[in-house]
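Remarks on the structure that follows.
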Amino acid sequence: MLHCGRGRISLEHRSSGSVSSAFLPHRKYFVMADVKSRPLSPHLSIYKPTITMTMSIVHRITGIGLYAGTVLLAIWLIAAASGAQAFAMVQGFIASPLGRIILLGYTWAIIHHALGGIRHFIWDTGAGLGPERMMLARLTLIGSLVITVGLWLFGYAVR
């Protein structure tokens with residue numbers, strides 16, 4: 001018989017009459033501690049930061065940053081469709097030093113996020129999980145910086 005209550009799942013064996021904390025995934029019984037006495041997940045203070053952990057966090061942050069940059073891109077497109085006065089106002093902001101810094105950050109975020117996605121795809125295939133794991137993480141960071149600077153230099157050269 002299965003009894004639930006106060007953060008515990010108790011399973012009673014009919015044959016022995018004993019009661020134990022248990023969880024039934026695919027095995028007969030899996031003993032589990034009281035939910036209230038253990039943390040839900042390991043705390044960050046347990047782990048020593050590694051480059052792959054940092055790159056994973058940065059990948060998530062750049063994903064969030066891409067939302068903000070996409071909103072800016074949508075505002076720019078809406079202003080272009082709205083008329084010359086609206087477009088000139090948005091274009092004036094984008095041409096300002098703050099606007100350029102935001103665009104530079106957006107450019108880096110989209111490239112870094114794309115390279116991080118390629119890195120994760122490689123890892124998902126089972127490749128690159130050995131010593132080359134660190135190399136792939138470093139290449140993602142270095143590659144995103146080099147490509148971003150290269151694109152901006154090319155853009156200013158063509159301009």
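Read the figures in this text as sums done on the coordinates, not as results from a lab. Since the structure is predicted, the reported quantities are computational estimates derived from the model, not experimental observations. Every residue, glycine as well, gets a Cβ built from its backbone with ideal geometry; the counts of neighbours run over all protein chains shown.
Annotations
- When only the Cβ of Lys, Arg, Asp and Glu is charged (+1, +1, -1, -1), the dipole of the range 45-158 relative to its Cα centre reaches about 220 debye.
- Ranking of 149, 71 by neighbouring Cβ atoms within 10 Å, starting from the fewest: 71, 149.
- The range 45-158 pair-distance distribution - Cα-Cα, 10 Å bins, rounded %: 13, 34, 29, 16, 7, 1
- FRET efficiency for residue 68 and residue 142, using Cβ-Cβ distance with R0 set to 25 Å, rounded to 0.05: 0.55
- Inter-label distance, nm, simple model (7 Å from Cα along the C-beta direction), residue 46/residue 88: 6.1
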